[in-house]
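Taken together, the values in this text are just the output of simple stated rules run on the coordinates, not laboratory data. Since the model is a prediction, treat every value here as computed from it, not as a measurement. Because the Cβ atoms are built from the backbone with ideal geometry, glycine has one as well, and the counts that use them run over all protein chains shown.
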Amino acid sequence: MAIRRAVIFLGPPGAGKGTQAKRIARLCGVPHLSTGDMMRDAVSRGTDLGKAVGPIMQRGELVSDDLVMKMIEERLAQPDCAAGCLFDGFPRTLPQAEGLDRILERSGFGEPLVVDLAVGDDKLLRRLTGRRTCSVGGEIYNVYDLPPKVNGICDNDGGKLVQRADDTAEVVKQRLAAYERATKPLTEYYRSRGVLQVVDASVSMDEISRALGEIVKCAEGRNGHL
Ligand code: ADP
């Protein structure tokens, strides 16, 4: 099944990729493909994949490219990806970006739309350590910047809000280091091809959503589809 257009959200952990990806994917009617969510789901279901990646994620290190690419290939073969999809947390290394390029080419589709959510280190810690996720629907909150109406409870479905195991200060440091080393070079990889857009992700979640909405709308206008 072919992919019509891929949108990629780049940016450090804590840039708000997950929150924004959910909103923008809903806006565009395409699936939101978060490799982090997919692997956390495998961990909680106790599958072989989950057993393999759980300890790596706990340490804030990157999972191997082979495992990630296999997971992505299987997911992209699902019919709901035929009209496009939004990647969040993928690609995260140069080999993953090259692997995705091959898949997109094989599917007969053009360049992805890549958006870098740029934000300084000072904001990241606050966002990561303040993050809480709904244990039912996955909605993301932040105790400082985007609190739920009732402490610890999801506004949407009343689910209990939980903190991610890798959002502790020590693991966050590892994740930021992995980003600097392996993922940041991807901005140059896409910039040199002229497909990179940069959005200031240090502002409020709603302002970031507006900026992303504009970019995605322009892209739709140019291509007639995402
Ligand atoms: P964040 O971007 O906030 O760090 P994610 O949910 O995207 O969170 O990822 C959580 C963890 O899952 C990462 O620290 C890493 O261990 C693993 N992971 C997610 N996506 C990838 C990927 N594309 N390649 C390698 N590891 C990944």
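Across the chain, the relative contact order, built from alpha-carbon pairs under 8 Å that are at least six residues apart, equals 31 percent. Label positions at Asp200 and Ser107, each projected 7 Å from the Cα along the C-beta direction, are separated by 3.3 nm.
For region 111-199, a simple Cβ point-charge model (Lys and Arg +1, Asp and Glu -1, everything else neutral) yields a dipole of about 120 debye relative to the Cα centre.
So for the chain, considering every pair of alpha-carbon atoms, how many percent are separated by more than 28 Å? Before the final figure, lay out each step's value.
Numbers: 6644 of 25425 pairs.
Taking all Cα-Cα pairs of the chain, the fraction more than 28 Å apart is 26 percent.
Taking a Cβ cut-off of under 9 Å around Leu161, the surrounding Lys, Arg, Asp and Glu residues balance to a net charge of +1, with basic ones at +1 and acidic ones at -1. For the pair Asp48 and Ser64, the difference between a 0.36 nm per residue extended length and the Cα-Cα distance amounts to 4.3 nm. Between the residues Ser64, Gly110, Val150, the greatest Cα displacement towards the positive end of the dipole of region 31-160, with unit charges on the Cβ of Lys, Arg, Asp and Glu, is found for Val150. Per the Kirkwood formula applied to alpha carbons, region 101-199 shows a radius of gyration over Rh ratio, Rg over Rh, of 1.08. Sorting Asp155, Asp88 by the number of Cβ atoms found within 10 Å of their own Cβ, with the fewest placed first, yields Asp155, Asp88. Amide H contacts of Leu10: Val115, Asp116, Leu117, each under 5 Å away and 5 or more positions distant or on a separate chain (H built 1.01 Å from N in the peptide plane; Pro and chain starts excluded). Neighbour counting of Cβ atoms within 10 Å sorts the residues Lys149, Lys70, Lys22, fewest neighbours leading, into Lys149, Lys70, Lys22.
For region 125-196 and region 43-64, write down the distance between their C-alpha centroids in whole Å. Using only Cα atoms, the two centres lie 17 Å from each other.
Neighbour counting of Cβ atoms within 10 Å sorts the residues Ser209, Ser34, fewest neighbours leading, into Ser209, Ser34.
Taking amide H atoms as placed 1.01 Å from N in the peptide plane, the amide H of Arg132 lies under 5 Å from those of Tyr141, Asn142, Val143, each 5 or more residues away in sequence or on another chain. Between the residues Phe9, Gly54, Gly36, the greatest Cα displacement towards the positive end of the dipole of region 1-69, with unit charges on the Cβ of Lys, Arg, Asp and Glu, is found for Phe9.
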